[in-house]
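The values are calculated or read from the model by the stated rules, or taken from the named source; none is laboratory data. Here the structure is a predicted model, which means the values were calculated and not measured. Glycine gets a Cβ as well: all are built from the backbone with ideal geometry, and neighbour counts include every protein chain shown.
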Amino acid sequence: MEKIASFQINHEALLRGVYVSRKDRVGGETVTTLDIRMKEPNREPAMGQGAIHTIEHLAATYLRNDAEWGPRIVYFGPMGCLTGCYLLVRGDVESSEMVDIIRRTFQFVADFEGDIPGAAPRDCGNWLLHDLPMARWESRRYVDEVLADIRPENLVYPE
């Protein structure tokens, strides 16, 4: 069986950042998948399940309600390895074009207080698995250390 594209990225050299993972044609449109890498794979601990689940709820809600990007958001959710998230967007976009909306999204999570949207038994399949303090901490770290002054090496996959 052929190895899929995301398993061909050199994870040993991958930094935290925002990367275009792939671009697919769906009907007459391009859908861009962004790799929002919050942790250096295999070099630092992965995020806790509760933290990344809370990030998913808050970021997906924020993104889908954004006046500019909301109509173009296809999906936002965690990676199975718990080192980041995937964002699927309608349109052919580059990682550098997405930094502002991703920065605003994670700033929203870092500053969030109150009830987590969708964190109720009727709304979520695992509503007890949330960790707002760690979601805020992980998001603040990502904003401050990566997104605030993003460099070219955090926008293009390593060779």
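Residues being in contact with an Asp or Glu (Cβ under 6 Å, 6 or more places away or on another chain) and over 14 Å from Trp137 (Cα atoms): count how many of those fall in region 44-89.
2
What number of residues in region 97-126 are in a helix (DSSP H, G or I) and either among the charged types (D, E, K, R) or under 19 Å from Val74 (Cα atoms) (or both)?
Count: 11.
Specify which of the listed residues (Ala120, Ala51, Ala67) is modelled with pLDDT of 95 or more, among the hydrophobic types (A, V, I, L, M, F, W, C), more than 14 Å from Arg37 (Cα to Cα) and in contact with a helix residue (DSSP H, G or I) (Cβ under 8 Å, 6 or more places away or on another chain). Walk me through it before giving the result.
On the way: Ala120 fails: in contact with a helix residue (DSSP H, G or I) (Cβ under 8 Å, 6 or more places away or on another chain); Ala67 fails: in contact with a helix residue (DSSP H, G or I) (Cβ under 8 Å, 6 or more places away or on another chain).
When all the criteria are applied, what remains is Ala51.
Quick one: Ala13 ticks every box in (1) of a type outside the set (Lys, Arg); (2) assigned to a helix (DSSP H, G or I); (3) over 14 Å from the mean Cα position of the chain (by Cα) bar one, so which box is it?
If we test Ala13 against (1) of a type outside the set (Lys, Arg); (2) assigned to a helix (DSSP H, G or I); (3) over 14 Å from the mean Cα position of the chain (by Cα), just (2) comes out false.
Can you name the residue in region 24-61 that is part of a loop (DSSP other than H, G, I, E, B), of a type in the set (A, V, I, L, M, F, W, C) and in contact (Cβ under 8 Å) with a residue 40 or more places away in the chain and is also nearest to Asp92 (Cα to Cα) among such residues? So that I can check it myself, show each step before the final result.
Narrowing region 24-61 to residues part of a loop (DSSP other than H, G, I, E, B): 27-28, 38-48.
Filter once more, keeping what is of a type in the set (A, V, I, L, M, F, W, C): 38, 46-47.
Among the residues that remain, those that are also in contact (Cβ under 8 Å) with a residue 40 or more places away in the chain are: 38, 47.
Details: Met38: 23, Met47: 29 Å.
It comes out as Met38.
Could you give every pair whose Cβ atoms fall below 9 Å, whose first residue belongs to region 121-139 and is at negative phi, and whose second residue is of a type in the set (Asp, Glu) and part of a loop (DSSP other than H, G, I, E, B), counting only separations of at least 6 or pairs across chains?
That search, which allows pairs on different chains as well, returns Leu132/Glu113; Arg136/Glu113.
All but one of (1) under 15 Å from the mean Cα position of the chain (by Cα); (2) within 27 Å of Thr30 (Cβ to Cβ); (3) part of a helix (DSSP H, G or I) hold for Cys81; which doesn't?
Result: Cys81 passes all but (3).
Kindly establish whether Arg25 is surrounded by 21 or more Cβ atoms within 10 Å (Cβ to Cβ), charged (D, E, K, R) and out of contact with any helix residue (DSSP H, G or I) (no Cβ under 7 Å at 6 or more places or on another chain).
Working: surrounded by 21 or more Cβ atoms within 10 Å (Cβ to Cβ): no; charged (D, E, K, R): yes; out of contact with any helix residue (DSSP H, G or I) (no Cβ under 7 Å at 6 or more places or on another chain): yes.
No, not satisfied.
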